[in-house]
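What follows is one structure encoded as structure tokens, with my remarks underneath.
The values are calculated or read from the model by the stated rules, or taken from the named source; none is laboratory data. As the structure is a prediction and not an experimental result, all values here were calculated from the model. Backbone-built Cβ (ideal geometry, glycine too); neighbour counts: all protein chains shown. SASA here: full protein model, heavy atoms, side chains in, ligands and nucleic acids out. Shrake-Rupley method; radii C 1.70, N 1.55, O 1.52, S 1.80 Å.
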Amino acid sequence: MNRANLDDLVDLLGRWASGRGPLYLLLAARLRELIDDGVLAPGASLPPDRVLARRLAVGRGTVVAAYDLLQQEGRVVRRQGSGTRVAPLDLPATRAADGVAANPVILHLLHPPDGVRLLTCAAPGAPPPELLEAYQEAFAGLARERGMGLDPAGRPELRAALAAYYTGRGVPTAPGEILVTTGAQQALTLLAGLLLAPGDRVLTESPTYPGALEAFRHAAAVVRPVDPAEPGEVRRERAALLYCVPTNRNPDGSVMDEAARRRLAAVAAERDLPVIEDEVGAELGFSGPPPAPVAAYARGEQVVAVGSLSKLVWGGLRVGWVRAAAPLVSRLARLRAVHDLGGEVLGQLAAAALLRRLDEVRAARARVLREGHDLLVSELRARLPSWTFEPAAGGQTLWVRLPRGDADSFAQVALRHGVAVPPGRSFDPLGGHAAFLRLHFLLPPDELTGAVAGLAAAWAAYDGSERTPSRSPLVV
């Protein structure tokens with residue numbers, strides 16, 4: 001099994017070590033589930049004992065015992081010289097054999113929480129009072145509704161509100177230049193499906209939002225990292241698309257300055273290069289309204305903005321959008337109608353009400369984010385002083401570098417101390433940034449403090465084991 005497949009398997013294993021019992025039983029149970037569900041197909045090669053043990057930060061005996069148990073059950077075949085392979089199985093016709101998303105940031109959504117503190121998916125944990133009030137206003141609007149409620153391009157009220165929002169930020173926009181989507185992830189998927197052909201090259205920052213990488217790979221594109229603020233790097237690549245997060249970037253909370261935005265807009269016009277500007281976190285700054293988007297400096301129609309209320313308000317409010325030239329919006333609406341005849345009406349009406357209170361919503365959210373950020377910074381500096389990071393200008397996450405070791409292996413140890421963290425590889429289009437972790441600061445204060453305590457205990461175990469390696473398997 002090559003490096004890429006090993007990485008995929010580690011991601012698919014997810015929080016395998018967070019249960020009760022010996023580690024080899026927990027590992028065997030997760031592998032059994034992947035085999036029975038057809039995710040690991042018959043004949044698939046599994047990593048050698050030592051290789052998988054090293055990546056999972058366990059003793060080789062743990063992997064050997066798990067493989068031996070699965071061999072006894074007839075789920076794997078082990079032969080000297082040919083390694084370990086998944087045995088032929090009769091899969092029910094209803095079970096898929098084409099795998100699932102291997103991104104650990106997405107995987108935890110596919111499995112119910114199990115008592116582990118999740119520092120994986122960065123989204124607000126509970127609906128704020130403003131959302132409840134917005135839904136009350138939306139209910140009143142729904143009582144006046146007389147149509148079918150099917151609008152593939154989005155509700156007229158919300159499209160008008162979003163057009164006014166962008167116009168106010170220096171990007172003159174008409175309602176016909178707005179497409180409402182079921183979250184920003186659908187917006188990215190639609191754009192990838194429309195703008196990309198298999199084998200096309202997509203340029204992204206590194207690190208960047210892993211959900212975008214998943215969308216581009218699903219479209220069979222080739223993703224390459226560049227610095228979008230450096231026109232020379234962009235010019236050297238023959239690309240079909242560039243994707244960036246200029247404001248409060250996920251994962252490090254950085255903000256692209258105005259000069260870089262102007263350079264990016266200029267090179268997009270010069271190369272006629274479509275640019276997707278991800279603004280999902282744009283309103284999450286700690287000190288007021290966001291800067292003007294890249295689209296405000298564009299001389300043509302190359303820059304397409306994608307946004308959402310999921311990070312500003314609540315992840316369960318699945319309302320996103322695309323701001324683009326009207327012809328592109330029309331094509332996206334036709335594509336969206338193939339899969340989805342329109343978003344949920346009540347949520348769109350509530351989103352329109354929230355946009356009318358944007359300053360108030362933003363200020364309340366900024367206070368919470370700043371408090372969480374400052375607490376996480378303080379706890380990390382006190383408990384893990386060897387870890388390095390830059391404080392964020394906004395957003396919901398810190399991008400943390402480990403002083404030594406591998407973030408994938410450390411994440412496995414962290415699981416055994418009750419904390420799930422996404423390793424940096426998930427945020428890199430080439431699988432780099434192996435020494436980095438992304439940590440969000442959205443948990444309640446006591447939970448966040450407890451999570452850092454768990455990470456500190458995990459680091460003490462991990463770092464200590466590297467200095468004086470144990471020959472006996474670790475058993476919980």
- Distance in nm between label sites at residue 29 and residue 287, each 7 Å beyond Cα in the beta-carbon direction? 4.9 nm
- Message: Using only the heavy atoms of the protein chains and a 1.4 Å probe, how would 339, 417, 373 rank by accessible area, largest first?
- Response: 339, 417, 373
- Task: Roll a 1.4 Å probe over the protein chains and send me the accessible area per residue for the range 353-476 in Å².
- Result: 42 Å²
- Message: Quick check for you: with a 1.4 Å probe and neighbouring chains kept, what is the accessible area per residue of the range 287-336, in Å²?
- Response: 36 Å²
- Task: Put one equal scatterer on each alpha carbon of the range 222-347, apply the Debye formula with no solvent term, and list log10 I(q)/I(0) at q = 0.15 1/Å to two decimals.
- Result: -0.77
- the range 364-452: percent of C-alpha pairs farther apart than 16 Å? 54 percent
- What's the carbon and sulfur percent of the chain's accessible surface, probe 1.4 angstrom, rounded to a whole number? 54 percent
- Item | Expected-Rg normalisation [2.2 N^0.38 Å, Cα atoms] applied to the chain | 1.02
- Task: Note down the Stokes-Einstein diffusion coefficient of the range 143-292 in µm²/s, whole number, using a Kirkwood radius over alpha carbon pairs, 20 °C, and 1.002 mPa s.
- Result: 128 µm²/s
- Considering the Cα trace of the range 163-242, what is its radius of gyration and what is Dmax, both in angstroms? 14.4, 38
- Note on the structure: Per DSSP, the loop-located trypsin sites (Lys or Arg not before Pro) within the range 178-277 having at most 10 other beta carbons within 10 Å are 238
- Message: For the chain, what does the helix formula give at 222 nm: sum of -39500 (n - 2.57) over DSSP H segments with n ≥ 4, over the residue count, nearest 500 deg cm²/dmol?
- Response: -13500 deg cm²/dmol
- Query: Per residue, what volume in Å³ does the convex hull of the Cα atoms of the range 23-90 enclose?
  - Reply: 77 Å³
